[in-house]
Amino acid sequence: MTGAGTVAPPGVADGPLPRVWADVVGQDAAVAQFRRAASPEGSLAQAWLITGPPGSGRSTAARAFAATLQCEQGTGCGECRACRTVLAGTHPDVTVVATDKLSIAKEEVRALVMTAQRAPATGRHRVLVIEDADRMSAGTFNVLLKSIEEPPPSTVWMLCAPSAEDLAATIRSRCRLVTLSVPDAAVVAELLQRRDGVDPALALRAARAAQGHIGLALRYATQEGSLAAREEAARTLLGLRSTGEAVLAAQGLVDRATAEAKEHADTVAAEERERFLRSAGIDDGKVPPALRSQVKQLEDDAKRRQTRLVRDVLDRYLLDVHSVLRDVLGRQLGTGGELVNIEVAPEIEQVASRRDGRVTLTLLEAVQEARARIAGNVPPLLAIEALLARIAVSLV
Ligand SMILES: [Zn+2]
């Protein structure tokens, strides 16, 4: 905790990239910032705010940073017990809170704050990572604030959020900010090849379609039919001719998002239920009356999770719509390089030639408005119907 504000001399932080950083791709500046802070010459802030768009690798970066701090070699070697357990999520002094619900419960943060007060058991630091720090209410932020203001000497907080503005000002002003950028499609494709063994051509196609979202790129590359469904949606969008077609298409998108979210939520819920019953020593699947309220709680959580998932999936679809319109605009202005939606290039050319760029620009704004409305709890079907109807009448 010495040398705040000084620039670290060349040293540990400038050597070859240690193994724990291998999966943090396309983030050279951020990685250098973390490594400098973790090096003996660096100054280690006790609260970090890691921002970047979804899929840019915020939580992967937080874990790599945590591993570097706990590493027995002090480098993030990726081989020592500390590095391996941090990356596997089993290190006793690294706690990661993630949520797939709409918000993180106050009780959960309260428990985390209590953990933050404890000295590390085996490592040099006690590290607390909150993956979706933007999903906290004002009251929950307050629970966190005290601990972030005056943490015990070995405690390091890492909060992850899409942008700094997503956090209460009182919290963000106490954090060192690290900003991740959207990684290049080529860099993401290389990761999918190296880490997941995806075929190079498919990896590039998936990475381009996912527009820098690493998890989504992997899904496109590995989930049968997902790229084809995306392509089909782009074709439908470019072919919309009337309000009636737009209403049908909107219903189709919402149905598809709901099915996708339900499938995922059901899988997770079944796993949780099974884990819970097993931990209670029950292996015949029959819930005794004493545990019914807890199982009910798990089911309620699963429903809430599904609500958020539907919104997340729809937001992703809207980003796809945005990318198609951006391709159209690129053709109209003659500025676009390679198309994101190369599979529907003929349709894009056709639409681009019918209208000028001004119309497309207002439609791009309309997509962002629709995303904001859905995030602000407007019923998704209404917001998407309105958007697609506008696109239909504008592009004819
Ligand atoms: Zn290590």
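Restricted to the range 46-73, and to residues that are among the β-branched types (V, I, T) and more than 13 Å from the ligand (Cβ to nearest atom), which residue is nearest to G123 (Cα to Cα)?
If we take residues in the range 46-73 being among the β-branched types (V, I, T) and more than 13 Å from the ligand (Cβ to nearest atom), then T60 is nearest to G123 (Cα to Cα).
Of the residues that make up the range 250-257, is at least one under 19 Å from the mean Cα position of the chain (by Cα) and among the aliphatic types (A, V, I, L, M)?
Yes, the range 250-257 contains at least one residue that is under 19 Å from the mean Cα position of the chain (by Cα) and among the aliphatic types (A, V, I, L, M).
Among (1) within 16 Å of the ligand (Cβ to nearest atom); (2) modelled with pLDDT under 95, where does V96 come up short?
(1)
Looking only at the range 326-334, decide whether some residue is surrounded by 16 or more Cβ atoms within 10 Å (Cβ to Cβ) and out of contact with any Ser or Thr (no Cβ under 9 Å at 6 or more places or on another chain).
Yes, some residue in the range 326-334 is surrounded by 16 or more Cβ atoms within 10 Å (Cβ to Cβ) and out of contact with any Ser or Thr (no Cβ under 9 Å at 6 or more places or on another chain).
Working carefully through the options T335, T362, find the one that is part of a helix (DSSP H, G or I) and either over 19 Å from E245 (Cβ atoms) or charged (D, E, K, R) (or both).
After ruling out the rest, the residue left standing is T362.
Conditions first: (1) touching a helix residue (DSSP H, G or I) at 6+ places or on another chain (Cβ under 8 Å); (2) surrounded by fewer than 13 Cβ atoms within 10 Å (Cβ to Cβ); (3) farther than 30 Å from E338 by Cα; (4) modelled with pLDDT of 85 or more. A259 passes all but one, so which condition is the exception?
Evaluating A259 over (1) touching a helix residue (DSSP H, G or I) at 6+ places or on another chain (Cβ under 8 Å); (2) surrounded by fewer than 13 Cβ atoms within 10 Å (Cβ to Cβ); (3) farther than 30 Å from E338 by Cα; (4) modelled with pLDDT of 85 or more leaves (1) as the failure.
Yes or no, residue by residue, for (1) in contact (Cβ under 8 Å) with a residue 12 or more places away in the chain; (2) part of a helix (DSSP H, G or I); (3) more than 30 Å from I384 (Cβ to Cβ); (4) touching a Cys at 6+ places or on another chain (Cβ under 8 Å):
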| position | (1), (2), (3), (4) |
| --- | --- |
| D255 | no, yes, no, no |
| E263 | no, yes, no, no |
| V268 | yes, yes, no, no |
| E271 | no, yes, yes, no |
| D284 | no, no, yes, no |
| R292 | no, yes, yes, no |
| V295 | yes, yes, yes, no |
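Can you tell me which residues in the range 112-137 are aliphatic (A, V, I, L, M), free of Cβ contacts under 8 Å to residues at least 60 places away in the same chain and either assigned to a loop (DSSP other than H, G, I, E, B) or loosely packed, with under 14 Cβ neighbours inside 10 Å (or both)?
M114, A119, A121, M136, listed by residue number.
Within the range 75-90, track down each residue that is outside any helix (DSSP H, G or I) and within 8 Å of the ligand (Cβ to nearest atom).
Within the range 75-90, T75, G76, C77, G78, E79, C80 qualify.
Considering every residue within the range 105-127, establish whether at least one is within 20 Å of V24 (Cα to Cα) and polar (S, T, N, Q).
The answer is no, given that none of the residues of the range 105-127 is within 20 Å of V24 (Cα to Cα) and polar (S, T, N, Q).
Being farther than 30 Å from K303 by Cβ, at pLDDT below 90 and surrounded by fewer than 22 Cβ atoms within 10 Å (Cβ to Cβ) is the requirement here; does G78 meet it?
Values: farther than 30 Å from K303 by Cβ: yes; at pLDDT below 90: no; surrounded by fewer than 22 Cβ atoms within 10 Å (Cβ to Cβ): yes.
No; evaluated as a whole, the condition is false for this residue.
What are the pairs with Cβ atoms under 9 angstrom where one residue, in the range 20-37, is touching a residue at least 60 places away in the same chain (Cβ under 8 Å) and in the same structural domain as L191 (by TED's automatic domain parsing) and the other, located anywhere, is crowded, with 19+ Cβ neighbours inside 10 Å and acidic (D, E)? Sequence gap at least six, or different chains.
From the range 20-37, no pairs qualify.
The values are calculated or read from the model by the stated rules, or taken from the named source; none is laboratory data. As the structure is a prediction and not an experimental result, all values here were calculated from the model. FYI the Cβ positions are ideal-geometry reconstructions off the backbone, even for glycines, and counts take in every protein chain you see.
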